[in-house]
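Presented below is the structure to which this report refers.
The values are calculated or read from the model by the stated rules, or taken from the named source; none is laboratory data. Note that the structure is a prediction, hence the values are computed from the model and not measured. When we count neighbours, we look across all protein chains shown, and the Cβ atoms used for this are built from the backbone with ideal geometry, even at glycine.
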Amino acid sequence: MIYLYIGILIVSISFAVLSIYIAKLLSSVSRSMNDLGNTLSEVEQQLHGITQETEEMVQETHHIVDDVKEKTDALQPVFQSLHGLGSSLIQLNRSIDGVPSTLRSYTADHSGKMTEAYHWGTTALSLYQKWKMTKQETH
């Protein structure tokens with residue numbers, strides 16, 4: 001019987017030690033859960049702050065995009081004018097490029113007339129000079 005009491009005593013001591021270790025374990029788990037709750041609370045606050053900053057940045061980005069769009073729209077007539085100016089310059093260059101060929105064609109077509117006009121001009125100048133000399137000799 002004594003062995004029975006000793007066995008019960010050993011089981012009781014073992015149960016008491018086990019209960020103490022379980023209590024310490026549960027206390028440690030409780031502290032860990034409290035720390036985890038505090039950490040999650042801090043993370044939540046930081047995420048809230050980051051979310052507000054992100055929303056402000058998105059709003060500012062929208063304002064910047066709207067401002068750039070307004071300025072781009074305001075510059076659109078300038079770009080259209082520059083496009084029109086470019087088209088005009090291209091047409092002017094094409095016209096200028098055609099001038100030498102037009103002159104060559106004109107001179108080729110009228111070279112005989114120009115030569116004849118030159119001869120008549122020199123003949124008229126010659127006659128005028130002779131008339132002038134005869135006029136001076138008579139006076």
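Structure notes:
- Qualifying residue in region 24-37 (condition: out of contact with any Pro (no Cβ under 9 Å at 6 or more places or on another chain), surrounded by 10 or more Cβ atoms within 10 Å (Cβ to Cβ), assigned to a helix (DSSP H, G or I) and among the acidic types (Asp, Glu)): yes
- For region 80-115, a residue qualifies if it is surrounded by 10 or more Cβ atoms within 10 Å (Cβ to Cβ), modelled with pLDDT of 75 or more and of a type in the set (A, V, I, L, M), and the qualifying residues are LEU82, LEU85, LEU89, ILE90, LEU92.
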